[in-house]
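Inspection log for the structure reproduced underneath, given as structure tokens.
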Amino acid sequence: MTQYTVINPATEQPVTAITQKTAEETDEAIARAAVAQRAWREVAPGDRARLLRAFAAEVDAHIDELAALETTGSGHPVGAATWEAGQVRDVLMYYSAAPERLIGKQIPVAGGLDVTFAEPLGVVGLIVPWNFPMPIFSWGMAPAIAAGNTVVAKPAEMTPLTAIRIGELALAAGLPENVLQVLPGKGSVVGQRLVDHPLVRKIVFTGSTEVGQQIMAGCARQVKRVTLELGGKSANIVFADADIEKAAATAPYAVFDNAGQDCCARSRILVQSSVLEEFMELLEPAVKGVRVGDPGASDTEMGPLISAAHRDHVASYVPDGAPVAFRGGSPDGPGFWYPPTVLAPVRADDRAYTDEIFGPVVTVTPFTDEAEAIELANDTPYGLSGSIWTSNVGRAIRVARGVETGNLSVNSHSSVRYWTPFGGFKQSGLGRELGPDALESFTETKNVFIATQD
Ligand code: TAP
């Protein structure tokens with residue numbers, strides 16, 4: 001029996017020890033999920049909807065508890081963690097409307113009737129990263145269950161606590177046993193088994209591009225369905241005609257949210273040369289004003305990094321002699337702290353410019369015109385997110401169409417809305433999550449012809 005000790009990233013103190021599931025236990029859970037799915041798909045759509053609403057209500061009644069768990073187990077500021085728990089409730093509510101709307105088509109044919117059905121896939125394996133343990137868990141889990149599948153979920157090894165608790169809340173809400181199972185454990189054991197097991201019909205994976213490539217190759221062996229939500233290196237493009245004050249004031253929150261451990265982090269700020277100086281003057285107080293500290297305090301905006309190893313990785317992008325323009329503060333003493341850091345100027349071949357750092361480090365690069373801005377934004381294997389700041393509507397639309405990325409915001413740094421589609425271009429992923437069409441990727445279309453002629 002292997003145990004994993006969850007560490008509080010803000011104090012470096014152990015929180016609790018979690019027993020890791022083995023490959024054999026994963027097989028058993030998958031077998032139970034397959035049996036449960038046969039009954040779950042037969043539950044009347046209205047009853048599936050009611051159970052999902054009850055699940056949402058159960059989460060709602062435990063928002064503070066879930067937020068406190070995420071603060072202790074993952075170091076998320078409590079304000080952010082409360083919002084994240086609320087998102088689980090909202091995603092469940094949104095998809096609770098779906099079971100009654102799994103509508104097929106009636107297609108005109110000669111000599112009969114042709115109808116389509118949206119059939120559930122079976123068992124869905126959900127593999128979740130450590131950076132947003134609650135929202136990302138809900139994005140795959142809620143639509144999968146709503147569509148009549150059962151789910152076996154593997155949280156990240158470092159951050160299993162909230163997913164385990166949400167699994168308990170599902171049972172308390174009345175969801176039948178084994179419709180949702182949460183299996184803490186290693187990616188190489190539990191995650192790999194989900195990929196390899198023939199009864200798992202789809203993998204929803206969120207994580208690094210490197211592991212995503214392995215997952216895709218593994219799924220290919222069984223032609224298993226897969227959704228991949230992978231890395232990013234998104235641009236925050238600021239044109240000279242923008243509201244520069246607002247662009248600079250919000251830029252830190254576009255990249256330092258969750259201490260930069262955010263796939264949508266706008267970690268490359270591109271600024272039109274004519275306003276670069278003004279932008280940097282405004283950015284400095286905004287960066288220094290980010291409140292970094294005790295995640296348990298309600299006014300904290302940025303907490304620690306997830307682990308000592310990850311902090312070393314982030315720090316490697318800021319070696320001695322790096323072009324640090326300015327930095328924010330961070331606490332001394334225990335905790336995996338790293339200060340918000342702005343690098344400028346940075347060469348386009350510097351690894352701080354090309355790699356997904358996944359920490360509070362941002363680069364600033366000037367551009368001269370619209371064409372160069374688009375070229376720089378696209379000069380990356382990733383394409384997940386991004387922002388465009390301009391007062392020219394035509395430019396906003398031209399640049400939005402030109403940037404090869406899945407989720408853009410204009411004059412805003414917001415990224416994910418659960419009621420709109422979310423996912424990446426290029427090596428940032430495959431498929432889309434969320435939004436009104438999400439159930440299409442958790443069902444197969446079945447076409448049935450019924451002859452009406454004697
Ligand atoms: P990964 O190291 O890729 O891990 C993600 C998950 O995969 C973890 O649960 C991990 O388990 C598991 N895993 C590892 N190896 C596996 C294998 N061989 N087979 C099956 N599962 C395996 O990513 P991470 O470091 O947790 O997360 C950071 C990355 O996720 C960043 O690149 C970030 O951009 C990306 N991300 C993307 C998005 C979207 S929506 N595009 C959102 C959040 C994060 P262990 O915990 O045991 O390693």
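The values are calculated or read from the model by the stated rules, or taken from the named source; none is laboratory data. All of these numbers come straight from a predicted model, not from anything done at the bench. So basically every Cβ, Gly included, is an ideal-geometry build from the backbone, and we count neighbours across all protein chains shown. For the accessible areas, the whole protein counts, side chains as well, though only heavy atoms, and no ligand, DNA or RNA atoms are used. Shrake-Rupley method; radii C 1.70, N 1.55, O 1.52, S 1.80 Å.
Structure data summary
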| item | result |
| --- | --- |
| Rel. contact order, % - alpha carbon contacts under 8 angstrom, at least six apart, segment 25-108 | 36 percent |
| Within straight-line cross-link reach of Lys426, lysines at Cα separation under 16 Å, skipping those fewer than 8 residues along the same chain | Lys233 |
| Ratio Rg/Rh, restricted to segment 283-344 and using Cα atoms, in which Rh is the Kirkwood radius | 0.97 |
| Acute angle (nearest 10 degrees) that the helix 161-172 long axis makes with the longest principal axis of the chain, alpha-carbon atoms | 30 degrees |
| Antiparallel %, DSSP beta bridges [both residues in segment 179-274], to 5 | 0 percent |
| Fraction of beta bridges assigned by DSSP in the chain that are antiparallel (%, nearest 5) | 35 percent |
| From the C-alpha gyration tensor of the chain, square roots of 5λ in Å | 39, 27, 19 |
| Helical contribution to [θ] at 222 nm, DSSP H n ≥ 4, -39,500 (n - 2.57), averaged over the chain, rounded to 500 | -11000 deg cm²/dmol |
| Label-point separation in nm, Asp332 to Ala17, each point 7 Å along Cα→Cβ | 3.5 nm |
| Length-normalised contact order for segment 317-454 - Cα pairs under 8 Å, 6+ apart - percent | 15 percent |
| Estimated FRET transfer efficiency (Ala57, Asp437; beta-carbon r; R0 35 Å; 0.05) | 0.85 |
| Label point 7 Å beyond Cα of Glu168 along Cβ direction - residues of segment 177-195 with amide nitrogen under 15 Å | 182-184 |
| FRET efficiency, Ala297 to Leu113 (Cβ-Cβ, R0 51 Å, nearest 0.05) | 0.20 |
| Solvent exposure, largest accessible area first (probe 1.4 Å, DNA, RNA and ligands not counted), of Tyr317, Tyr418 | Tyr418, Tyr317 |
| Positive-pole candidate from Ala242, Leu126, Gly335, dipole of the chain, charges at beta carbon | Leu126 |
| Trypsin sites (Lys or Arg not before Pro) restricted to segment 380-450 and DSSP loop, no more than 16 other C-beta within 10 Å | Arg417 |
| Karplus 3J(HN,Hα) series, Hz, for segment 296-312 with 6.51 cos²θ - 1.76 cosθ + 1.60 (x for Gly, Pro) | x, 7, 5, 9, 6, 9, 9, x, x, 7, 6, 7, 5, 5, 5, 4, 4 |
| For segment 1-65: rounded, prolate or oblate by the Cα gyration tensor [a/c cutoff 1.5] | oblate |
| Among beta bridges that DSSP assigns inside segment 323-416, antiparallel share in %, nearest 5 | 40 percent |
